[in-house]
Amino acid sequence: MTSTTLPPATQHVIVGAGFAGLGTAIKLAEAGEHDFVVIEKGTEVGGTWRDNTYPGAACDVPSQLYSFSFAPNPDWSMSFSPQPEIQAYLRRVAEESGVLDRFVFDTEVQDATYDAAAQRWRVTTSRGEIESETLITGSGGLSEPRLPDIEGIDDFAGEIFHSARWNHDVDLTGKRVAVIGTGASSIQIVPEIAKQVAHLDVYQRTAPYVIPRNDRRYTGLEKRLFKLSPAVQRLYRTAIYWGRETYVPAFTWRPRLAAPAKQAALINIRRGISDPELRRKVTPTFEIGCKRILISNTYYPALAREHVDLVTDPIARITPTGVVTADGTERPIDVLIVATGFHTTEQPIAEHVRGRDGRSLAEVWAEGGMSAYKGTTVHGFPNLFQIVGPNVGLAHSSMVFMIESQVAYIVDAIRTMRAHRFGAVEPTRAAQEAWNDDLQQRMTTTVWNTGGCSSWYLDSHGRNTTLWPRTTFTFRRLLQRFDLPAYDVEAAVAQPTNDEKEAVSA
Ligand code: N01
């Protein structure tokens, strides 16, 4: 049973019910912190895995690693999970967790302002107001679709939708369809819809590296073994984890170490495409790893199909009936799918969160780009904890690992606050600056900054404010304990009792 009403006050407001919000709720409850509310704008748990339902949606991180460490799933059907299985997994974990009664769905956070005198967050939602001691945001780095700013797009008369807002009412059978973008979403969509449409134009601005997807179905024997012996499954997960960590030096230190991956991508092109002109068009011109490395066995063969065209001329404008490229060619279409990614370097929640001086996170970050302490706390925003905040993203492994590291840090922060009777904790400016100076220094040798591409990892100042430039076990170690010396703290002020609050509001 979930809730449909918001209490006037709670200890912790958690925003978002994806991996981050759900994981936080479960771990807070385990730590004895039962007084929390999870506010979710969607209709159920799942976050990105609830929203991305496009054909072919699947994870490009191995299933064993892309799940909570505390909730192994012996039933994954494939070594890379399809979206419906991940969504079903999150639903099941939520149902079995015993915390769903504190989830309020269909509710949007409109504003959250820190009241320094009361040491409380005052949160305004579409369902009313609530105040809390901490504000924990798990609203996702890839949740707000980015629509392309192309002349005429609003006048398109056919069906148009973003990859993360797939319109399942539109039957693509026999239609002329265009897909804009060739990122992780597009390369999963294209092979699926190519089976159905009459004609498909794929508009590519930058060719990505696509290596083979070494996917396979788990055998019944493997699944039985995982069920009978969770230790075996843990061992398997651990082996995958360490295998993934070996990629880190190539991304962060010596991009040349990725030569075998580059070779695999070039072979993937030769295997999938025989036309030399098309091969040339899909061959990337930057260092592998600079943009996210994609995995697919079916993308290149789909592009090579007779009724599929890869268009590399820049899009000039969109008319009510088609797409016009810079050379003046108009290609008529019935349906336009924009697979153009998400707002990553200006997180939408930042506009709604206001710190002790009344400025929003977005305003503070507008000056120098996103920054936080340990990707989690922000100077000027006491008792705010962000999951998947700045520089927590990964190019090589599972975000669930990073999320669990942050959740442990937040739970320890709250434990520390209780033990010392603190009413507010806030990272010092010096600690935050030192953390970010070190991060940006490390970025100088990464392929993301030196690989000759532009990507959503970089903000408008050219700073990489999205990715973590070290191993994930280093991140976990650095967030193992709440490090009090890096924080300014305040003793707790007396809070009014519920009776007193009612007397005031009466
Ligand atoms: O978005 P993207 P995505 N005109 O930003 C192009 C995760 N994910 O939704 O490269 C023309 O990667 C843009 O071109 P360019 C994963 O972390 C995970 O595909 O900027 N084209 C690019 O080709 C991933 O990285 C899974 O030149 C325009 C594309 O649109 C992240 O989500 C699956 C344009 C956008 O690619 C985002 O992936 C799917 C314009 N105006 C996604 N604007 C898993 O399997 C943009 N483009 C876990």
Among rounded, prolate and oblate, which fits the stretch 228-279 when a ≥ b ≥ c are the square roots of the eigenvalues of its C-alpha gyration tensor, a/c under 1.5 means rounded, and a/b larger than b/c means prolate?
oblate
Cβ-based charge dipole, the chain, positive-most Cα from 472, 368, 273:
273
Once the piece of chain linking residue 157 and residue 259 is laid out straight, how much longer is it, given 0.36 nm per residue of separation minus the C-alpha distance between them?
32.2 nm
Taking square-rooted eigenvalues a ≥ b ≥ c of the alpha carbon gyration tensor, is the stretch 426-489 rounded, prolate or oblate, where a/c under 1.5 means rounded and, failing that, a/b exceeding b/c means prolate?
prolate
Dipole magnitude of the stretch 1-109 about its Cα centre, charges +1 at Lys/Arg Cβ and -1 at Asp/Glu Cβ only, in debye to the nearest 20?
80
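Over the chain, what relative contact order in percent results from Cα pairs under 8 Å that are six or more residues apart? Before the final figure, lay out each step's value.
Working: 995 pairs, mean separation 96.3, N = 506.
Relative contact order comes out at 19 percent.
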Furthest towards positive pole of dipole, 486, 134, 162, structure part the chain, Cβ charges:
486
Largest first, how would 22, 6 line up by accessible area (1.4 Å probe)?
6, 22
Per-residue HN-Hα couplings for the stretch 149-161 [Karplus 6.51, -1.76, 1.60; θ = phi - 60°; Hz; x = Gly/Pro]:
8, 10, 3, x, 4, 6, 8, 4, 8, x, 7, 9, 7
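Based on Cβ point charges of +1 for Lys and Arg and -1 for Asp and Glu, what charge dipole magnitude is obtained for the chain about its Cα centre, in debye rounded to the nearest 20? Numbers along the way, then the final one.
Details: 52 positive and 59 negative charges, 495 e Å.
The dipole of the chain has a size of about 2380 debye.
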In the chain, what percentage of the DSSP-assigned beta bridges are antiparallel, given to the nearest 5?
45
Would you mind getting me the FRET efficiency between residue 305 and residue 214? Use the beta-carbon distance for r and R0 = 25 Å, nearest 0.05.
0.60
Taking H placed 1.01 Å from N in the peptide plane, check which residues at least 5 places from residue 487 or on another chain put their amide H under 5 Å from its amide H.
428
Over the chain, with every protein chain in place, what whole percent of the accessible area is carbon and sulfur at 1.4 Å, could you tell me?
53
Distance between Cα centroids, the stretch 278-347 to the stretch 359-404: provide it in whole Å.
31
Amide proton proximity set for residue 162, modelled H, under 5 Å, gap of 5+
338
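Could you give the accessible area per residue of the chain, probe 1.4 Å, as a whole number in Å²?
Values: 21890 Å² over 506 residues.
Normalised by residue count, the accessible surface of the chain is 43 Å².
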Cross-link candidates for residue 175: which lysines have Cα within less than 16 Å, leaving aside residues fewer than 8 places away along the same chain?
195
Just how far, in whole angstrom, is the stretch 41-103 from the stretch 205-264 if you go by their alpha carbon centroids?
19
Roughly what would the spin-label model give for residue 484 and residue 129, points 7 Å off Cα along C-beta, in nm?
3.4
Summing -39500 (n - 2.57) over the DSSP H runs of n ≥ 4 in the chain and dividing by its residue number, what mean residue ellipticity at 222 nm do you reach, to the nearest 500 deg cm²/dmol?
-9500 deg cm²/dmol
Output the 0 to 90 degree angle, nearest 10, between the alpha-carbon long axis of helix 83-97 and the longest principal axis computed from the alpha carbons of the chain.
20
Sorted by chain and number, the residues with a modelled amide H under 5 Å from that of residue 125, at a separation of 5 or more or across chains, are 110, 130
For the stretch 128-279, just say rounded, prolate or oblate: build the C-alpha gyration tensor, square-root its eigenvalues into a ≥ b ≥ c, call rounded for a/c under 1.5, and beyond that prolate if a/b exceeds b/c, oblate if not.
oblate
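The values are calculated or read from the model by the stated rules, or taken from the named source; none is laboratory data. As the structure is a computational prediction, the values presented were derived from the model and not from experiment. In this analysis, Cβ positions are derived from the backbone assuming ideal geometry, glycine residues included, and neighbour counts consider all displayed protein chains. Surface areas here come from the heavy atoms of the whole protein model, side chains and all, with no ligands, DNA or RNA. Shrake-Rupley method; radii C 1.70, N 1.55, O 1.52, S 1.80 Å.
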